[in-house]
Amino acid sequence: MKTITIGDITIDRVLEQEGPIFGLDFLLPDLTPDLLADNADWLMPRYIVPESGEVILSFHGLLVRTPKHTILVDACVGNDKERPLRPPWHHAKFPFLDNLAALGVEPEAVDIVLCTHLHADHVGWNTKLLDGRWVPTFPNAKYLFARTEYEHWEEANRTHEGEEPLNHDSFHDSVLPIVEAGRAVLVESDHMIEDGLWLEPAPGHTPGNIVLHVERAGAKALLVGDSLHTPAQLARPSLSTLFCTDPAQSAETRARIVDSVAETDTVFLTAHFPTPTAGRVIRAGEAFKFKDV
């Protein structure tokens, strides 16, 4: 992704991994063959592998730099995590910090880590393994968690009785160590980070899911995390993923977000759209498409 400039703010992608990850019928179980066929001309092979039906996804953080703050939005899967149910993530060795350094930023320079939600692939780099303990990867940063989101996962983990770990046990290795280190800050879902950077609640994918607005000098970007996983959801915004806590609410939120930015100059950034990642939403009859910037 090329650097996005919003006034005196820049946005860069910090890549962890990219490629075909999930089958489309697994990720979007309600997607019909007819809808896919009607949109194959722009979805394939750019976003979906025609032969296998696998969805091409990028796992990345977004580095937002303002004159006041260096902010990492979403922290991907992370290294050394116990993820036996997802083999590509299990004890992974991703070059995420090297890619961050290539943008001129060392972990000590990050002021804020913002997690749009607390799924395992958005909190992993919150912590690193040091002498057998999980410690904050970004030692000088405040970690912003939406209060609604944190309280949901805190209760869910406290009351969980299943044999398999909840959310890959990421709450225990990537969230609680931040709280115990005193680096976590629970914020409301409409929190303002600084002038021109504010959160908006976007529930459905998870109960406390949020998006980040970036606005400066008339230019705008919207960082929506997992409100959309793939551009295929633009063809029918009612399509929620298998991972959405409340599919109906997720669909309602997604439709509202997409409609609000369609045919505007707002740069649209998700947590998983593949290279070049950044784009604009355009209308296509009663649906939408994605156009690179």
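Just so it is clear, none of the values below were taken in a lab; they were calculated from the coordinates. Bear in mind the structure is a predicted one, so any value in this text is a computation, not a measurement. Don't worry about glycine lacking a Cβ; one is built from the backbone with ideal geometry, like all the others, and counts go over all protein chains shown.
Please give the length that would be gained between S260 and E151 if that part of the chain were fully extended, namely 0.36 nm times their separation in residues minus their C-alpha to C-alpha distance (nm, one decimal).
36.4 nm
How big is the gap, in Å, between the Cα center of the range 105-131 and the Cα center of the range 53-100?
9
Counting alpha carbon pairs within less than 8 Å and at least 6 residues apart, what relative contact order, in whole percent, applies to the chain?
Value for the chain: 17 percent.
Mind putting a number on the dipole of the chain about its Cα centre? Charges go on the C-beta only, +1 for Lys and Arg and -1 for Asp and Glu, and I need it in Debye to the nearest 20.
Taking the Cα centre of the chain as origin, the dipole is about 700 debye.
Just how large is the dipole of the range 66-108 about the Cα centre, in debye to the nearest 20, putting +1 at every Lys and Arg Cβ and -1 at every Asp and Glu Cβ?
Roughly 180 debye, rounded to the nearest 20.
Convex hull volume of the Cα atoms in the range 1-83, per residue, in Å³?
So the per-residue Cα hull volume is 142 Å³.
Which one, N99, I112, L28, is farthest towards the positive end of the dipole of the chain when Lys and Arg carry +1 and Asp and Glu -1 on their Cβ?
N99
Expressed as a rounded percentage, what relative contact order does the range 1-135 have, with Cα pairs under 8 Å and six or more residues apart?
Relative contact order for the range 1-135 comes out at 24 percent.
Using a Gaussian network for the chain with springs between C-alpha atoms less than 10 Å apart, which of these wobbles most: E263, E161, E18?
E161
Under 22 Å Cα-Cα from K128, which lysines qualify once same-chain neighbours fewer than 8 residues away are excluded?
Partners within reach: K81, K93, K142.
Which listed residue (V185, T275, L242) has the Cα farthest towards the positive end of the charge dipole for the range 134-293, taking +1 on Lys and Arg C-beta and -1 on Asp and Glu C-beta about the Cα centre?
So the residue furthest toward the plus end is T275.
Hey, what number do you get for the chain at 222 nm if only DSSP H runs of n ≥ 4 count, each worth -39500 (n - 2.57), divided across all residues, to the nearest 500?
-5000 deg cm²/dmol
If the cut-off is a Cα-Cα distance under 23 Å, which lysines reach K291, setting aside same-chain residues fewer than 8 apart in sequence?
Of all the lysines, those that pass the test against K291 - Cα under 23 Å, at least 8 places apart if same chain - are K2, K220.
Among [x] 127; [y] 165; [z] 184, which is the computed volume of the Cα convex hull per residue in Å³?
Given [x] 127; [y] 165; [z] 184, the calculated one carries the label [x].
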